[in-house]
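The values are calculated or read from the model by the stated rules, or taken from the named source; none is laboratory data. Just so it is clear, the structure is predicted and the values come from calculations on it, not from any experiment. Positions of Cβ are backbone-derived with ideal geometry, glycine not excepted, and every protein chain shown enters the neighbour counts. With ligands, DNA and RNA removed, areas are computed over all heavy atoms of the protein, side chains included. Shrake-Rupley method; radii C 1.70, N 1.55, O 1.52, S 1.80 Å.
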Amino acid sequence: MRASDFVRQERLWDRLMAMAELGATEKGGVNRQALTLEDGRARRLLADWATARGFRVYQDAIGNLFVRRPGRDDGLPPVTTGSHLDTQPTGGRFDGVYGVLAGFEVLEALEDGGIATTHPVEVVAWTNEEGARFAPTAMGSGVYVGKLPLGSALDTVDVDGVTVADALAAVTAMTPDAEERPLGSPVAAYIEAHIEQGPVLVTAGETIGAVTSIQSQNCYQIEIHGEEAHAGTTPRANRSDAVLAAVEAIAKLEQAALDDADAMRFTVGRFIAEPGSPNTVPSHVSFTIDLRHPDNAEINRMAREIEETIPECAEKRRCRAEVTCTSAVPVTPFAEELVDKVDRVRRDLGLPGRKMPSGAGHDAMYIAPMAPSGMIFVPCVDGISHNEAEDALPEDVAAGACVLADCLADLAKG
Ligand code: HGY
Ligand code: MN
Ligand code: MN
């Protein structure tokens, strides 16, 4: 019997729907932002499911939550799977949480099948993958591998001035039974299951993506400082208008990002103008840039454009600009042997699919340099994600869990 023979579609689907209740929105989506109490409730629910099956639960200094099924040689580093429980403000029921619960379903399948593994097998819920409330994205996994300093992560504040440290203390207090785990403990191999969040699989009518790489991603926080003035009396020559400086810079950068291949992804997701009074010239603008591309050289070209264009447009209008790159992750190639394993297992299970790159960022981008890593994609309806209409099919989420189960069982047999 294979591990996948013990995967139960209904159990997985019921757990996904139970999690979707935590932060459920009226439009059928989920707003469970990182380190909110809803995020804490989701972590608590996972920990309850885990302890009910006799699995041990751990958490580290940035709140990453681990569920462990022991191996025959329990001193070996675990074979690990997982993703994230936090969502976008207008998120869906599958982004992230699917990878955590598909991983948990594998632990249950191994347990139900009485399948002993040499390595321990662990599922992790990485803290704050979305980076929507606290920048940057993939904060928990970035701190875990030492790419993001713990101190500056803990000092990060949200738009209301709440620090990660304070929000984390409230949330980790909801899983007091979780044992302490040091940051950066070794991992033998890592495979993350995730919805594709794009149109490739659903358009091709395929079920499994063996992910080959993740494109590069730079995140920026931009502050432009001008001067408040009267909207009616202040002549143009005397204005330091932070909004006009920002919109001119953004328009120029959009032009610089235009490419025939439509491969560059340039997004200004958050734009806040202050003081926000209709008849006061704005003195401060804070905005974000999310930049992605499958070629590191192209990202570096746009990074230079950002560093030059924004201060130029600010100074022209007697404003001052601060450009901070909050994270820069180059293209992440996955381990060939894991990509081939995912592709081989899906063929063994008779599932249609392909090898493909990931347009979205994932925690796996930080784990890949520390351990052989890979990802398994399943389709989402119409390729929609980061949207409350995000949806997936029970048979597809179960198929992904079956591929994950056989891959992890194979990797953990040592
Ligand atoms: O932004 C991303 O690519 C991920 O979905 N957080
Ligand atoms: Mn995700
Ligand atoms: Mn996401």
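Please verify whether ALA237 is open to solvent by 10 Å² or more (accessible area, probe 1.4 Å) and assigned by TED's automatic domain parsing to the domain that holds PRO120, treating the condition exactly as stated.
no
With the requirement that a residue be within 12 Å of ligand 1 (Cβ to nearest atom) and part of a loop (DSSP other than H, G, I, E, B), what does the range 101-132 give you?
Within the range 101-132, ASN128, GLU129, GLU130, GLY131, ALA132 qualify.
Here are some conditions: (1) in contact with a Ser or Thr (Cβ under 6 Å, 6 or more places away or on another chain); (2) surrounded by fewer than 17 Cβ atoms within 10 Å (Cβ to Cβ). ASP363 meets all but one. Which one does it not meet?
ASP363 satisfies all of (1) in contact with a Ser or Thr (Cβ under 6 Å, 6 or more places away or on another chain); (2) surrounded by fewer than 17 Cβ atoms within 10 Å (Cβ to Cβ) except (2).
Looking at the range 223-234, which of its residues are open to solvent by 30 Å² or more (accessible area, probe 1.4 Å) and over 11 Å from ARG317 (Cα atoms)?
GLU223, GLU228, HIS230, ALA231, GLY232, THR233
Residues LEU12, LEU16, LEU35, LEU46: which one is part of a loop (DSSP other than H, G, I, E, B) and either at pLDDT 95 or above or not assigned by TED's automatic domain parsing to the domain that holds ALA170 (or both)?
None of the other options fit; the residue is LEU35.
Please give the number of the condition ASP86 fails out of (1) more than 16 Å from ligand 3 (Cβ to nearest atom); (2) open to solvent by less than 10 Å² (accessible area, probe 1.4 Å); (3) among the acidic types (Asp, Glu).
That leaves (1) as the condition not met.
Would you mention how many residues in the range 50-103 are farther than 30 Å from PRO149 by Cβ and acidic (Asp, Glu)?
Summing the residues that are farther than 30 Å from PRO149 by Cβ and acidic (Asp, Glu) in the range 50-103 gives 2.
Can you report the number of residues in the range 89-113 which are more than 16 Å from ligand 2 (Cβ to nearest atom) and open to solvent by less than 10 Å² (accessible area, probe 1.4 Å)?
Qualifying residue count, the range 89-113: 7.
Being touching a Leu at 6+ places or on another chain (Cβ under 8 Å), open to solvent by 10 Å² or more (accessible area, probe 1.4 Å) and touching a residue at least 40 places away in the same chain (Cβ under 8 Å) is true for just one of ALA125, ALA170. Which residue is that?
One residue alone meets the criteria, ALA170.
Mind checking which pairs have a first residue in the range 186-201 that is touching a residue at least 24 places away in the same chain (Cβ under 8 Å) and part of a loop (DSSP other than H, G, I, E, B) and a second that is of a type in the set (Ser, Thr, Tyr) and within 16 Å of ligand 3 (Cβ to nearest atom), Cβ under 9 Å, 6 or more apart or different chains?
GLU196/SER358; GLU196/SER385; GLN197/SER358; GLN197/SER385; GLY198/SER358; GLY198/SER385
Would you be able to say whether some residue in the range 62-82 is in a loop (DSSP other than H, G, I, E, B), among the polar types (S, T, N, Q), away from ligand 3 (no atom under 13 Å from the Cβ) and surrounded by fewer than 24 Cβ atoms within 10 Å (Cβ to Cβ)?
Yes, there is a match, as at least one residue in the range 62-82 is in a loop (DSSP other than H, G, I, E, B), among the polar types (S, T, N, Q), away from ligand 3 (no atom under 13 Å from the Cβ) and surrounded by fewer than 24 Cβ atoms within 10 Å (Cβ to Cβ).
Looking for whichever is in the same structural domain as SER141 (by TED's automatic domain parsing) and surrounded by 15 or more Cβ atoms within 10 Å (Cβ to Cβ) here; the options are ASP348, ASP343, ASP382. Which one fits?
Exactly one residue qualifies, and that residue is ASP343.
Please give the number of the condition GLU315 fails out of (1) assigned by TED's automatic domain parsing to the domain that holds THR25; (2) free of Cβ contacts under 8 Å to residues at least 60 places away in the same chain.
(1) is the only condition that GLU315 fails.
Go through (1) among the polar types (S, T, N, Q); (2) more than 16 Å from ligand 2 (Cβ to nearest atom); (3) open to solvent by 10 Å² or more (accessible area, probe 1.4 Å) and name the single condition THR117 misses.
Of (1) among the polar types (S, T, N, Q); (2) more than 16 Å from ligand 2 (Cβ to nearest atom); (3) open to solvent by 10 Å² or more (accessible area, probe 1.4 Å), only one is false for THR117: (3).
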